[in-house]
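Only one structure is covered here, and it is reproduced in the block below.
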């Protein structure tokens, strides 16, 4: 028999419900509404016009930007997860509790500084005459183009996501049953096989959610594609700013934003379904 929630528990949940309504649902409804409005003389006017949707969704430049953004976000998510896992594994299984606490504190420190400042600092490293190319020049390599291209964009996205992904992966790996690892070793499993046959499946939920967060942050990132990627070809976030600067076309920008939200919700639903599919059996 399912226990009905008490009035007290409903009251405790009320602030969260109000927060979601005020800062997500209502703005989303307004965003959908203005996507049907028209702009005349640089002013928005309430309307029921499907022209904005038709203009955006039938233009090749939108779908090129959409595909470009998806590829960048998926690549950043995969690279960040792959780079983060060895660090998360070492923190969870190789370090003492004191060392774990200090390293977690170190991973939180990047959030104390502006992401824009960190991206600007990468420009010093990635330019043709920057620190990295200068160092490579001493051994007869380079210079390599690492700025105003996809490589620079990915560096910025990984900078944004890496500390958070390491933290999420670490928290997930901490809950892996150590008895399963010991049993795998007793059955003559090597370390690498134990990682992929025992640890990764046991921590799958946390690993998938960490990758999902990396995808979400990268998909909506505006700073790295502009300041490290050069803004060409544009991502969807850059396209929104370009559209709003072109005749105050906020309704058309709303269409792009809605498509981004719909994509992220679809990806999130698919990722969470995959992460929890074995638990439902």
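The values are calculated or read from the model by the stated rules, or taken from the named source; none is laboratory data. Remember, predicted model here, so these are calculated numbers, not experimental data. Every residue, glycine among them, receives a Cβ derived from its backbone with ideal geometry; neighbour counts consider all protein chains shown.
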Surrounded by fewer than 18 Cβ atoms within 10 Å (Cβ to Cβ), under 27 Å from residue 233 (Cβ atoms) and over 22 Å from the mean Cα position of the chain (by Cα), is that true of residue 53?
yes
Taking into account only those residues within region 84-102 that are within 18 Å of residue 203 (Cα to Cα) and over 25 Å from the mean Cα position of the chain (by Cα), which is surrounded by the most Cβ atoms within 10 Å (Cβ to Cβ)?
93
Out of (1) at pLDDT below 90; (2) within 24 Å of residue 93 (Cα to Cα); (3) surrounded by fewer than 16 Cβ atoms within 10 Å (Cβ to Cβ), the odd one out for residue 174 is which?
(1)
Do we have any residue at all in region 203-226 that's surrounded by 21 or more Cβ atoms within 10 Å (Cβ to Cβ), touching a residue at least 12 places away in the same chain (Cβ under 8 Å) and in contact with a strand residue (DSSP E or B) (Cβ under 8 Å, 6 or more places away or on another chain)?
no
State the number of residues belonging to region 84-108 that are in contact with a helix residue (DSSP H, G or I) (Cβ under 8 Å, 6 or more places away or on another chain) and under 23 Å from residue 213 (Cα atoms).
12
Single residue of 162, 79, 67 found to be over 14 Å from residue 218 (Cβ atoms), in a helix (DSSP H, G or I) and at pLDDT 95 or above
67
Which numbered condition in (1) part of a helix (DSSP H, G or I); (2) over 21 Å from residue 264 (Cβ atoms); (3) without any contact (Cβ under 8 Å) to a residue 40 or more places away in the chain is the only one that residue 95 fails?
(1)
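Of everything in region 190-202 that's more than 24 Å from residue 102 (Cα to Cα) and crowded, with 16+ Cβ neighbours inside 10 Å, which residue is farthest from the chain's Cα centre (by Cα)?
Taking the candidates together, the pick is 194.
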Residue satisfying condition, being within 24 Å of residue 75 (Cα to Cα) and either surrounded by fewer than 20 Cβ atoms within 10 Å (Cβ to Cβ) or free of Cβ contacts under 8 Å to residues at least 40 places away in the same chain (or both), within set 158, 240
240
Only listed residue being in contact with a helix residue (DSSP H, G or I) (Cβ under 8 Å, 6 or more places away or on another chain), outside any helix (DSSP H, G or I) and surrounded by 12 or more Cβ atoms within 10 Å (Cβ to Cβ), chosen from 142, 152:
142
If I filter region 206-217 for residues that are at pLDDT 90 or above, more than 30 Å from residue 31 (Cβ to Cβ), in a helix (DSSP H, G or I) and touching a helix residue (DSSP H, G or I) at 6+ places or on another chain (Cβ under 8 Å), do I get at least one hit?
yes
Pairs with Cβ under 8 Å, 6+ apart, first in region 105-118 and more than 16 Å from residue 217 (Cα to Cα), second assigned to a helix (DSSP H, G or I) and modelled with pLDDT of 90 or more
107/163; 107/166; 107/167; 108/163; 108/167
Being surrounded by fewer than 15 Cβ atoms within 10 Å (Cβ to Cβ), at pLDDT 90 or above and under 26 Å from residue 71 (Cβ atoms) narrows 257, 262 down to just 262
For region 33-60, the count of residues that are under 24 Å from residue 225 (Cβ atoms), without any contact (Cβ under 8 Å) to a residue 24 or more places away in the chain and in a helix (DSSP H, G or I) equals 1
